[in-house]
Amino acid sequence: MSNEPGDRKRSLQRNGFVVRKERFYGRLIAATAVLTILVTVGIILALSGRALTFWSAVSPIAFFTGTEWSPIINETYGVLPLLSGTLIVTVGSALIALPIGLGAAIYLSEYASNRARGVLKPALEILAGVPTVIYGYMALVYVTPLIDGVLPFSAQLVPPGVPVLPEFTFVMPSLRTFNALSASIVVGIMIIPMVSSISEDALSAVPDSLREAGYGLGSTKFDVSTKIVVPSATSGIVASYVLAISRAIGETMAVVMAMGMSPQMPYFPNVLRNLAESSQTMTAAMVQIASADSLGGVTYEAMFALGMTLFGITLIMNVLAELVRRRFRETYQ
Amino acid sequence: MSEPDTPKIETTVQGTGTSETADSIADRGRTVIESRNLSVHYGDEQALQDVSMKVPRRQVTAIIGPSGCGKSTFLRCINRMNDLVDSAVVEGELLLEGTNVYDDDIDPVALRRQIGMVFQHPNPFPKSIYDNVAYGLRIQGITDKMDERVQTALERAALWDEVKDQLQKSALDLSGGQQQRLCIARAIAVDPDVLLMDEPASALDPIATSKIEDLIEELAEEYTVIIVTHNMQQAARISDKTAVFLTGGNLVEFDDTESIFENPESERVEDYITGKFG
Amino acid sequence: MGTENETTEDLRRTDGIDLAQLRGGLFEASLVFATVVGIFALAVLFGYIAFDAFQPLTASARWYLLYFGTLVAPTAAYTLYVRRRPAARDVNAKAFGVFFGSLMLALVTYIVASALDPKDVFVYAIFGAVPPTLVFLYARISDDRTYTGPLVPVSIVGGLAAGGALFDVVRPIVGIAQEWVAYFGFVTLPVAGILGLVVARRYAAKSTAEVGVADDDWRTVMGRQAKYRGGLAFGAVVGSTLVVVVAALVNGIDPAFWVVIFSGFVVPVAYVVGQTVLDDADGRIGVAGPFVVVGGVLVGAIIERQFAIQGLESFLTPNLLLNSWDGLNASNAGVYPQIVGSIVIVAFMALLAFPVGIGAAIYLEEYAPASGWGGRLATLLEVNISNLAGVPSVVYGLLGLALFRNALGFGTGIVFSAAGTLGLLILPIVVVSTQEALRSVPDSLRQASFGMGASRWQTLRNVVLPEAVPGTLTGTILALARAIGETAPLVIIAVATTRYTPPEGLFSAATALPLQIFAARSSAHAEFRHGVVPAAAVVLLVLMLLMNATAIVIRNRYERRS
C-alpha cells in the first residue's frame, strides 16, 4: 500500500456507483414503509367518501338516535338497535373474558412452573387462532342447544313475605335459535388470549425486587400477587382489557352466525331476555347489506357509514389503550 | 475485478515470522493518526474536549483513564463508528496519513475497511470459523487465495494451531478467549493499517488475558495498535506510548509509557496512577 | 425469658385450619380453573365437531382394535423408544418435517398449478427463472460482484415482464407439449438443481473439515469433486423422474400428478432418509417415525378392505375433498373448489403482502433514524401500524371494496381483490413480527460488521437477515394461518359463497373454504348441519393447526439453538 497522501485520500473517497446503489436500496425499503401509511389513508378515504354521501341523504341525527334499523324493507337507518346489539355481546363476552383472562395471566406469571407455562401458553394461543366462522358455527349448532337443555330456568331468590326486600324471581327464558348468549360465550372464549397474553406480559415485567420486598416483609403469595404485582401492572392489564373489548366490538362472523340479523332495541327491565333473543350488531348489519346484492343506493352507502362509526370507535379504544399503557409505564420504573 | 471503490490490498503472504526492512524501521514512529482539536458531544453531554495527539506507526498506544472519560469515544472517532449514533456531533479534525477522515467526500465504509476494530465483548458472527475470518475479505470482493489469507490471519492471531482442523465448526463453540482471538484474526485478515482495540481483554479470564497481551505485542510489529484499557498495569506492560484521559473527555497527558508511569508531569495523572481516584 | 418462648411459639406452624393458607389454596385453585376453563370449553366444542364429522359410533369394535394394533400401538411404542434418545428425537422431528412438509408443498403446488393451467405457470416460470440464473452464472465466471446484486431482482421483474409481453407467442409453442412436461419444467428441474447444490455444498464443507484448508471455498472455487457429485445428484433426480414418466405412460396413466409427487415429495424424503441413514449412526432410527405412522394407516386400510370390517361412516371422505358442493346429496358434497380457492388466494396474498411488510419492518428497525424528522416519521409509522392491527376485519373489507372494485374497476369478488384485501389485513402482523425478529439480533453483531467496513446493506444481507429468518418465518406462517380463516372481508367484497369450479386465474371469481361453511350454516338437512359442514370445518381446522404447529416448531427449534 502506497503511503502517498494523495493515494490514501483517493482510496477513502466515495465511489459514485456504490453510493447510488446503497441509496437506492435505502429508498426502496423506505418506500415499502411509506406504503403502510397509505393503507390508513386509504381506509379513511374509502370510508369517508361514501359515509359522507350517506349522511347527506340521511341526517346524522336520525342515524345516531333512530331506534329502527330496517334498511332494506322500510329504509329506516337508526343505528341504536345495532349499537345495543354490539353492546350486549361486548358486555357479555367481557364478563367472561376479563376475569378469566386475568386469572390465567396471574397463574401463568406467578404460579405456573416453566413446564406448565410451556404447555398452557400455546394452548391458550390456539383459542385465538380458531377461525371465527368455526366459533360461530359451534355456537349455533352446539352451544345453543346445549344451554337450551336446561332452560327455561327460574329461581325465586327473594320469596314473597320477606320484610324490606321486594319479591324477586330470577328468570332465564329459553333461547331462540339465534341468541345473544351463545354469541357472547364464544366471543368471550375467543378473546381470552388477548387479555391473558398482554396481562401476563405486564405482570412478568414487574421487577422481582418488588416481590422480594413483599416476601421479605412476611407476605403470603396471595398477598404479593394481589396486592403488589397486580396493582403494579395495572396499566398493562387495563390496556389488555381495552384491546380485547375493541376486538369484541369488531367481531363479525361469530355474531352473525350465532346471533342472527334481527335488529331490535333492548328489553327493560327483564335484562336477561336480551340474552335469549336475537339481535344484530353493527358488523352483522354490514354483512347483511353486502350480501343483499344491492350494489348502489343509500343502503349501500349505509354500510360505509356503519364502517366509519365502527372504525371511529375502535380507533379511539386502541389509542386509549396505548395512552394508558404509556402513561403508567413510567410510574413504577 | 473487485468493487471499484476498494483499494487493492496486496497481502504479503508470509509465514509467521516477519523481518523488518530498512524502510519499515524508519517508518516506525512516524505519525499515522493525528487528531487536531477533536471534540465530540452527544446532545448536551460533552464526551471529548479538544483532544490533540499524534499516534505513531507500528507501536502500541494505550489510552487509559477512569470510566466515562471519552476513551472509547476517541477510539470510535478514528473509524467514524460514532456516525452510527444519531446524536453525536464531531468537531475538529482527525487525520489518517494526512487526510482528514471527516471531510465531506470521505466514505466511512471505505475508511473502516482500512482500519480494524476489536470490541470489548467478543462478537463473532454465528457462522463457521472460516466464514468469520473470510467475512471482511468477501465484502470487499477479494476472492483470490482465500484459504491462504484465512490461514495467515489465524496464524497471526495465535489461533491457527487450535482450530486448523475444525474450520467449519461454529465460531460460537469456542471459548471466550478463543472467540476474541478469532475477532482479532477477522480484523487483521484484510490487512488494515491500524488496529483499534476497545478493552479487548476486560471480559476474559487472566490466562486468556495474558495470551491476548502477548498477541498485541506481536501484532505491533505489523500493525499500528491503539488500545483502550482501564487496566493500568496492562497499559504499563504492553504499550509504547500512553495517553491519559480524565473527566470531561480531556486528554491530560500523552507521552512514552515509561515517562507516564514513572514520572508523570501532571498531578492529576499522578493521583490517578497511584490510585487516589478512579 | 417469657418473651423468648413467645417468639419461638409464634414461628411454629399452628395446628388446625390456617385461614390464610386456605385462602391461598382457594385462590390458586381458582386461577388454575381460569386458565384451563377456556381450553376445556374449546376442547368440548371441538369434540362435538369431531363427533359429527367422524361419526365414531358407526365403526365396529373390531375396527378400533384393528387400528389400535396397526397404528396406535406401534406409534406409541416407537415414541417411547425414541424419547430417550436425543439424537434420534432430532432426526425424527426432521423426518416428520421433511415428510409432511414436502408432501403438503407438492400437493399445494399441484393443486394451484392445475387450477391455473400448468402450461401458463411453466411459461412464466421460465421467463422468471432463467434471467437471474444467467446473472448468477455471469457473477461466478467474471467475478464482478458490483452490478450483480441489484441485477438479480431487476432480471426477475424484467423476465416476467418479457414473459407477459411474449406470452401469446410462446404459449402456443408450449401448448404442443404434454402437460407433464410443464410440471417437469417447473418442479423437477428446480428440485434437481437444489438437490445438486445441496449435495455439492455438503461435500465441500465435509472435505474442508476433514482435510483442513483444502480444496474448497465452495462459493468461489467449488472443488471439482463437489461439482461432480452435485451434477450426479442433478442427473439422478432428472433420470429417475423420467423413469416414473415412462412407467406411467406405459400403464396408461397421466404422468402429470406423479411427476410432481415424485420430484417434490419422494425425492426430498429419499435424500434426507438416505443421507441420515448413511451419516448419522446414532440418530438413524429416527427416520422411521413418519413411516411407522403412514405404514400403520396403510396396513390398517388394506386389512380393513380385505376383511370387510365395518369402518367409520365419517363425512371426511375423498368426496369431500375432491367434489364440488351438492346441496341435495350430503355424501356427494365436496369442497374442492373452496380448498383450491383458499390456497390460491392466500398464495397471491403472500406474494403481495410479504415483501411490503418485511421491507417496512427492515426500514423501521435498520434504516430509520432515531431522532429528528426521520425519527418522527418512523414513530408515526409505528403508531400507524399498531393502530391498523386493531381495525376490525370488516373495515378492511370496505377498503378492499373501495379500492379494488370502485377505484380500480375490477369485477366483484375476484381472486386478485380477495388476495389484496387479505394482504392489507395481515400487513401489520407481518411488520410487527418481522420487527421483533430483527430486534432479537444482538447489536454487537451489527457493530462488528460495521467495524469491518461493511455497508448497511451488506450487514443486513450477510449478518442480520440470516439471523432473523426463523422469527420472520414464524410470523409469516402465523399470518398465513390467520388469513386462511378470515371470512368477513371476503363477504364484504362480495366473494361468491358457493361456486362449483375452482378459480382459473387471478381475475376469475374466487371461492374460499370458510365462506362455504358460513353459507351452509343453517342448512335444513341434519346430515349437512351435523355431518358435511363439521367435516369441512375439520379440514379448515387441520390446515390451521398444521400451520400453527409448524410456526411453533420453528420458533422453538431456533430459540433452543441460541
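Every number here is computed from the coordinates shown, using simple stated rules; none is lab data. Just so it is clear, the model here is predicted, and its values are computed rather than measured. When we count neighbours, we look across all protein chains shown, and the Cβ atoms used for this are built from the backbone with ideal geometry, even at glycine.
Tabulated data for the structure shown
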{"quantity": "B:S128 long-range amide H proximity, modeled H, under 5 Å", "calculated": "B:A171"}
{"quantity": "Inter-chain Cβ neighbour average for residues B:111-123, partner chain, 10 Å", "calculated": "4"}
{"quantity": "Part-to-part distance (alpha-carbon centres) for region A:196-272 and region C:366-429, which is given in Å", "calculated": "28 Å"}
{"quantity": "Extreme residue, positive dipole direction of chain B, given options B:S128, B:F245, B:S210 (C-beta unit charges)", "calculated": "B:S128"}
{"quantity": "Inter-site label distance for C:R201 and C:Q225 at 7 Å from Cα along Cβ, in nm", "calculated": "2.0 nm"}
{"quantity": "Residue among A:A290, A:A51, A:A183 with the largest mean-square fluctuation in a Gaussian network model of chain A, springs linking Cα atoms under 10 Å", "calculated": "A:A290"}
{"quantity": "Label-point separation in nm, B:K145 to A:L272, each point 7 Å along Cα→Cβ", "calculated": "9.1 nm"}
{"quantity": "Charged-residue dipole, Cβ positions (Lys, Arg, Asp, Glu), region C:330-561 about Cα centre, Debye nearest 20", "calculated": "140 debye"}
{"quantity": "Positive dipole terminus of the protein assembly as shown, leading residue within B:C77, C:V273, A:S279 (C-beta point charges)", "calculated": "A:S279"}
{"quantity": "Residue among C:T79, A:L120, C:P318 farthest towards the positive dipole end of the protein assembly as shown, charges placed on Cβ", "calculated": "C:P318"}
{"quantity": "Per DSSP, loop GluC sites (Glu not before Pro) in region B:231-278 with at most 10 further Cβ within 10 Å", "calculated": "none"}
{"quantity": "Förster-model FRET efficiency, 60 Å R0, C:D18 and A:T76, C-beta, rounded to 0.05", "calculated": "0.40"}
{"quantity": "From the C-alpha gyration tensor of the protein assembly as shown, square roots of 5λ in Å", "calculated": "59, 41, 32"}
{"quantity": "Spacing of the two label points (7 Å from each Cα toward its C-beta) at B:K54 and A:L45, in nm", "calculated": "6.4 nm"}
{"quantity": "Partner chain coverage, peptide C:383-391 - average Cβ within 10 angstrom", "calculated": "6"}
{"quantity": "Within region B:112-193, trypsin sites (Lys or Arg not before Pro) in DSSP loop having at most 15 other beta-carbon neighbours inside 10 Å", "calculated": "B:K145, B:K164, B:K169"}
{"quantity": "Dipole moment magnitude, nearest 20 debye, chain C about Cα centre, only Lys, Arg, Asp, Glu C-beta charged", "calculated": "920 debye"}
{"quantity": "Peptide-level mean, for C:353-362, of C-beta atoms on other protein chains within 10 Å", "calculated": "4"}
{"quantity": "Distant-in-sequence amide H partners of A:R14 (H built 1.01 Å from N, under 5 Å)", "calculated": "B:D107"}
{"quantity": "Where the Cα pairs of chain C fall when distances are cut into 10 Å bins, in %", "calculated": "3, 11, 21, 26, 19, 11, 4, 2, 1, 0, 0"}
{"quantity": "Distance between region C:240-254 and region B:232-278 - C-alpha centres, whole angstrom", "calculated": "83 Å"}
{"quantity": "Convex hull of Cα atoms in region A:243-314, direction-averaged projection (nm²)", "calculated": "5.5 nm²"}
{"quantity": "Loop sites in region A:62-112: GluC sites (Glu not before Pro), DSSP, at most 16 other Cβ within 10 Å", "calculated": "A:E68, A:E75"}
{"quantity": "Size of charge dipole - the protein assembly as shown - debye, nearest 20, with Cβ of Lys, Arg +1 and Asp, Glu -1, no other charges", "calculated": "3340 debye"}
{"quantity": "MRE, 222 nm, helices only [DSSP H, n ≥ 4, -39500 (n - 2.57), over chain A, to nearest 500]", "calculated": "-21500 deg cm²/dmol"}
{"quantity": "Residues whose placed amide H lies under 5 Å from that of B:G92, excluding near-sequence neighbours", "calculated": "B:S39"}
{"quantity": "Rounded FRET efficiency, nearest 0.05, which uses the C-beta distance separating C:S440 from C:F68 and R0 of 51 Å", "calculated": "0.70"}
{"quantity": "Selected from A:A46, A:A239, A:A105 as most flexible by GNM, with chain A as the system and alpha-carbon contacts under 10 Å", "calculated": "A:A46"}
